[in-house]
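Written out below as structure tokens is the structure these notes cover.
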Amino acid sequence: MQSPSAKLKAFPVFMRVEGERVVIVGGGEEALAKARLISQSSAKIRIVAEDPDAELSDWASAHGVELIETPYAEALLNGARLVFAASGEEALDRRVSEDARRLGLPVNAVDRPDLCDFFTPALVNRAPVCVAIGTEGTGPVLAQMIRGRIDRMLSPSLGRLAELGETFRAAAERLLPKGSARRSFWHDFFNGAPAREMEIGHIDEAREAAAELLLRRRSAQGHVALVGAGPGAEDLLTLRAQRLMLQADVIVYDALVPEDIVAMGRRDAERISAGKRKGCHSKTQAQINDLLVSLGSEGKRVVRLKSGDPLVFGRAGEEMQALRDAGISYEVVPGVTSAFAAAADFELPLTLRGVSSSMVFTTGHDLKGKALPDWAKLAISGATVAVYMGRSVAAEVAARLTEAGLSPDTAVAVVENASLPTQRKLHGTLADLPSLSDREDLSGPVMTIIGDAVAGANFSRSEPLNRGAEIPVRVLQEAVA
């Protein structure tokens, strides 16, 4: 997963070059490669080479490109928009770079990153649509590999479809209200009948389909998606969740959802923090319910982003009821719940043949009352217990389960920040669990898994809750005997 602190050293932009001069200094294959790249644009190319290769000369002649066969001089850069030093000679490339910088011209020196003001990307050209892939000069081969993948994904007709879309832009802005209705039209335009007709070369039919789509478009109806953001890792977000986030007008998110995941939504979507973290509730549940109803009533497409899975300790039931009562359409998108992520981090079998065939999801707070919950009997009979939000009540959890008859040497696995690079894993037994309450070094969300099946986990990269604690393996030995 990308580190939250990772920063680009080169910011990607698209520079206008129509009718502008681009100067390339060099007479070999490096210069020819740059000339071919720039020829995909409408720039005017000037190549400066004292002794150009025959292939370069032939290409320049065939494409009407200005080729000046003379020794390089700074004056040849005058009037340029961009400069490329592609001679293959370090001294000359450095001279060109220094001259360009003195003249205030952006310069790229082939294979010399220290002399570059910009880097040339690998291009997927569907003019006017263009995808540029850059690696800041560190991996040109990697950029080409990525280019190949994207090139296969994009229809050759995409550029013509984009041009057709431009002819409908003014009408769409005039006839459709800004927001969901307009975005929905464009989504259907680029994914529906106009796109299909254009792909098979039926340009007139594509135009007719677009006109029909525009005329029958109604005002967008509000819709709320209760979306599971997963345990925190960006690549555990489902494809459906990401698609809805890219279509949303508003993203309402909980405090445990990482900023990197919120940022995967539409860049111009409104973002509203709903808080909902232990000891820090910026909005009450009733206020969140009212907010979702209000946004839906305004015709907004809303993503209610919840950590883990919305149906597991996410209070989705209350939000769904509020939306039903208000007549607002909604859907639920499942996410990877923290118990599954923690088990995966530990390579831990939540069920194990001959040992455990059932599971319990609970919160530590369920064990705070005087009466022992009914599910505790399942734990005693061998069920694996996943305890959410249980760090502060770990001692009470251990005491109540021991009191109910669960063996003190039952295996326990604890994961902080499950699925994330900052995860920490601890292991021990039920007897060790009370020490979790005193661990001031754990500040992230903690998942605790208890049960005989836990003894089958991989503890090679975890630390003991209590130093020197050993994981009992009697259950596994008996199971495989």
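Quick look at the numbers
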{"item": "Whole-number percent relative contact order across region 268-350, with pairs defined as alpha carbons under 8 Å at least 6 apart", "result": "23 percent"}
{"item": "Förster-model FRET efficiency, 30 Å R0, ASP325 and GLU173, C-beta, rounded to 0.05", "result": "0.25"}
{"item": "The chain - mean residue ellipticity at 222 nm from DSSP helices (-39,500 (n - 2.57) per run, n ≥ 4, rounded to 500)", "result": "-10000 deg cm²/dmol"}
{"item": "Listed peptides 62-74, 86-98 by packing density, highest first (mean Cβ within 10 Å)", "result": "86-98, 62-74"}
{"item": "Sparse-neighbour loop sites [GluC sites (Glu not before Pro); region 4-42; at most 13 other C-beta within 10 Å; DSSP]", "result": "GLU18"}
{"item": "Pairwise FRET efficiency - GLU50 versus SER294, Cβ, R0 = 51 Å, nearest 0.05", "result": "0.10"}
{"item": "Per-peptide average of other Cβ atoms within 10 Å, ordering 36-46, 263-273, 339-349 highest first", "result": "339-349, 36-46, 263-273"}
{"item": "Extension gain (nm, one decimal) between ASP111 and ALA211, 0.36 nm per residue minus Cα-Cα", "result": "31.1 nm"}
{"item": "Farthest positive-ward along region 146-254 dipole, Cα basis, beta-carbon charges - from GLY148, GLN247, ALA206", "result": "GLN247"}
{"item": "Segment THR238-ASP151, length gained on full extension (0.36 nm per residue, minus Cα span)", "result": "28.9 nm"}
{"item": "Principal axis dimensions, largest first and in whole angstrom, of region 21-120 by Cα", "result": "33, 26, 24"}
{"item": "Theoretical FRET efficiency, 1/(1+(r/R0)^6), r = Cβ-Cβ of ARG94 and ILE200, R0 51 Å, to 0.05", "result": "0.45"}
{"item": "Mean separation of Cα contacts under 8 Å (6+ apart) over length of the chain, as relative contact order %", "result": "9 percent"}
{"item": "Cα pair distances exceeding 18 angstrom across region 14-69, given as percent", "result": "21 percent"}
{"item": "Lysine-lysine proximity count for the chain, Cα under 28 Å, sequence distance 8 or more or distinct chains", "result": "23"}
{"item": "Global form of region 223-336, assessed from the alpha-carbon gyration tensor, a/c cut-off 1.5", "result": "rounded"}
{"item": "Ordering of 454-465, 404-415, 50-61 by packing [mean C-beta count within 10 Å, highest first]", "result": "404-415, 454-465, 50-61"}
{"item": "Low-density loop cleavage sites - GluC sites (Glu not before Pro) in region 362-461, where at most 11 other Cβ are within 10 Å (DSSP)", "result": "GLU440"}
{"item": "Which labelled figure in (1) 60; (2) 40; (3) 43 is percent of Cα pairs over 32 Å apart, once derived from the coordinates", "result": "(1)"}
{"item": "Using alpha carbons only: equivalent-ellipsoid semi-axes of region 340-480, gyration tensor based, whole Å", "result": "20, 19, 14"}
{"item": "Linear extension gain, GLU29 paired with ALA127, 0.36 nm per residue minus alpha-carbon span", "result": "32.7 nm"}
{"item": "Rg [Å, one decimal], Dmax [Å, integer] - region 408-466, C-alpha atoms", "result": "10.7, 31"}
{"item": "Total charge dipole magnitude, the chain, about the Cα centre, Cβ charges on Lys, Arg, Asp, Glu only, Debye to nearest 20", "result": "1740 debye"}
{"item": "Magnitude of the charge dipole, region 1-64, Cβ model with Lys/Arg +1 and Asp/Glu -1, debye to 20", "result": "580 debye"}
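No value in this document is a laboratory result; all are computed from the given coordinates. Note that the coordinates shown come from a computational prediction; the quantities given were computed from them, not determined experimentally. We place every Cβ from the backbone using ideal geometry, glycine too, and count neighbours over all the protein chains shown.
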